Structures are given as structure tokens and as C-alpha cells.
1. Run residue 86 past the list (1) surrounded by fewer than 15 Cβ atoms within 10 Å (Cβ to Cβ); (2) farther than 22 Å from residue 157 by Cβ and report the number of the one that doesn't hold.
2. Check whether at least one residue in segment 103-121 is more than 26 Å from residue 25 (Cα to Cα) and touching a residue at least 60 places away in the same chain (Cβ under 8 Å), and report yes or no.
3. Could we say that residue 39 is of a type outside the set (A, V, I, L, M) and either part of a loop (DSSP other than H, G, I, E, B) or loosely packed, with under 13 Cβ neighbours inside 10 Å (or both) here?
4. Would you confirm whether or not segment 79-100 contains a residue that is hydrophobic (A, V, I, L, M, F, W, C) and closer than 17 Å to residue 183 by Cα?
5. Taking the criterion of being on the phi < 0 side of the Ramachandran plot, modelled with pLDDT under 95 and either assigned to a loop (DSSP other than H, G, I, E, B) or polar (S, T, N, Q) (or both), would at least one residue in segment 198-210 satisfy it?
6. What number of residues within segment 140-160 satisfy the criterion of being under 25 Å from residue 40 (Cα atoms) and surrounded by 20 or more Cβ atoms within 10 Å (Cβ to Cβ)?
7. For segment 154-179, enumerate the residues that are of a type in the set (Gly, Ala, Ser) and touching a residue at least 24 places away in the same chain (Cβ under 8 Å).
8. For segment 13-32, what are the residues that are touching a residue at least 24 places away in the same chain (Cβ under 8 Å), in a strand (DSSP E or B) and not aliphatic (A, V, I, L, M)?
Amino acid sequence: MYQVDIRNLRVKLNGKDILKDINISFQSPSLYFILGRNGSGKSTLLRAIANLIPFDGEIVINDRDIRDYERKELSRLIGYVWQNPLYGFFEETVEREIKFILRNLGLKDSAFQKIVDFFNISHLLHRSPFTLSGGEAKRVSISSVIVADQPILLFDEPESEMDLDGLERIIDYMKSNASKKLLIVATHNPLIAYKVRNSVREIYLLSSGRVVRKISPSQLEDSELLESIGIVPIDWWYK
């Protein structure tokens, strides 16, 4: 069991306040969503939780500040999936890219084939990750993180670039692991949260760098609420 407590979190980048006084908690095993328009601070919040950027305040996992962890130790605990998969690629082949984290953390590759099969990327293993389409790159990016089987996983816009098959696979992954791990998903799209609503514990609404409200999955159908923070409501797509 893991608990992530965020207390008075503030992030300033290039002289601009990105996150302001964030106070929220996440408990495992559970699936949470951070919902906000583009530029609201979602990616910055995930990067802070993964200790990828400097911040003020506290981010504590089971009463231990994340800044007290060695990088390798924290990498065994937290997996971070980038919104733009190309940010995380640097190996010559997809196979080496997925196996990199296993080599780096000294882990066995017993989960490798299972993840490759789950995301249907066996045919890509000998390709350069830099030659992939957007959807292919996203599948590889996700696989290259979750293959290490961390108990805490952070997903930044995991649905972007995905086709129908890719969406169904990431949705299946969320549903099947919501009772096993702590999954935190940041997105501007309420449709992906709505699709897995029966597995979601809570949703935090982020606007202009602040958590403005905590809602239940049933409130995803409140169009006025979503529009108030610049989110395209679910029923907009059917009008």
C-alpha cells in the first residue's frame, strides 16, 4: 500500500508560477484522474510527483519525502509516461528501448514479452523508435515504462495519438490494474475518464495551476462544471 501526500506544492518555471498551493492525496490501489485544459499545470504536477522538476512544498510517499530517494530507488517505485513519447526515446531499436529500464534498474525481463504482446508491438521491435507513427510511438513509450512493474504509474495524456485498438488496450490496462496499483492519469479529455468511470476513485479538476475541485466520476456528465474550467464536456460531441 502506498500513499502520496502533496502539501502546499508550488512550482515556478522560467519565473512563472505554474502550480500554486496544491494539497491533495492519492492512495493505492486506485485510479485517479487529473482533469484540466491545456496549460493548466497537469504535466507539471506529474513531473513534480516523479521528482523530475524542482518544487517548493512537500511530496511525500508513505511519510518519506520524494527528494530523499535516490533516483534509481524512485524509478523502481514510480513510472512516468511522457505526453510526447519522443522525449523519452534514445535507444536504437524498440526492443532496446523497452528493455532499457530493466537493464538500468537491474530487473529481470520476465515481463517483457507479456507487455509487448499486450500492446501488440512485436512487429516493431527491430524498428528505430524515431521512425514510428504517433500511435506506435505512444504504445512503445507506455510499454517502456510499465514493463518495470512499478507500484505507482503516472500517465500524461495516454490517449493522445492512439487509434481504436490502442485506446482499448490502455483502457483495459487501467481497468485491470486499478485494484493493484496507484494509477494517476492527467488529461484534458473527459471521455477517457468517463470510459473507465467505474474504476475511478476520484477526479481532481485543475485550472490555472490550482486544484479547484474534487469530483466523483458521476460528475463527469455535468457539462456546466466542465465548461467552467475550459474542458469540452462529454455531451458536446453529440450535439
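1. The failed condition is (2).
2. Initial filter on segment 103-121 (more than 26 Å from residue 25 (Cα to Cα)): 103-121.
With the extra rule that they be touching a residue at least 60 places away in the same chain (Cβ under 8 Å), the set shrinks to none.
Within segment 103-121 (the criterion being more than 26 Å from residue 25 (Cα to Cα) and touching a residue at least 60 places away in the same chain (Cβ under 8 Å)), the answer is no, since none of the residues qualifies.
3. Details: of a type outside the set (A, V, I, L, M): yes; either part of a loop (DSSP other than H, G, I, E, B) or loosely packed, with under 13 Cβ neighbours inside 10 Å (or both): yes.
So residue 39 fits the description; yes.
4. Yes: one or more hits.
5. Within segment 198-210, the subset on the phi < 0 side of the Ramachandran plot is 198-207, 210.
Going one step further and asking which of them are modelled with pLDDT under 95, we end up with none.
Scanning segment 198-210, I find no residue that is on the phi < 0 side of the Ramachandran plot, modelled with pLDDT under 95 and either assigned to a loop (DSSP other than H, G, I, E, B) or polar (S, T, N, Q) (or both), so the answer is no.
6. Within segment 140-160, the subset under 25 Å from residue 40 (Cα atoms) is 141-142, 145, 152-160.
Pick out the ones that are also surrounded by 20 or more Cβ atoms within 10 Å (Cβ to Cβ) and you get 141-142, 145, 152-158.
Number of matching residues: 10.
7. As a first pass, look at segment 154-179 and keep what is of a type in the set (Gly, Ala, Ser): 160, 166, 176, 178-179.
If the condition is that a residue be of a type in the set (Gly, Ala, Ser) and touching a residue at least 24 places away in the same chain (Cβ under 8 Å), then 160, 166, 178, 179 are the ones that fit.
8. Step one: of segment 13-32, the residues touching a residue at least 24 places away in the same chain (Cβ under 8 Å) are 13, 17-24, 26-32.
Now drop any that are not in a strand (DSSP E or B), which leaves 13, 17-24, 26-27, 30-32.
If the condition is that a residue be touching a residue at least 24 places away in the same chain (Cβ under 8 Å), in a strand (DSSP E or B) and not aliphatic (A, V, I, L, M), then 17, 20, 21, 23, 26, 27, 30, 32 are the ones that fit.
The values are calculated or read from the model by the stated rules, or taken from the named source; none is laboratory data. Since the model is a prediction, treat every value here as computed from it, not as a measurement. Please note: Cβ atoms are built from the backbone with ideal geometry, for glycine as well, and neighbour counts cover all protein chains shown.
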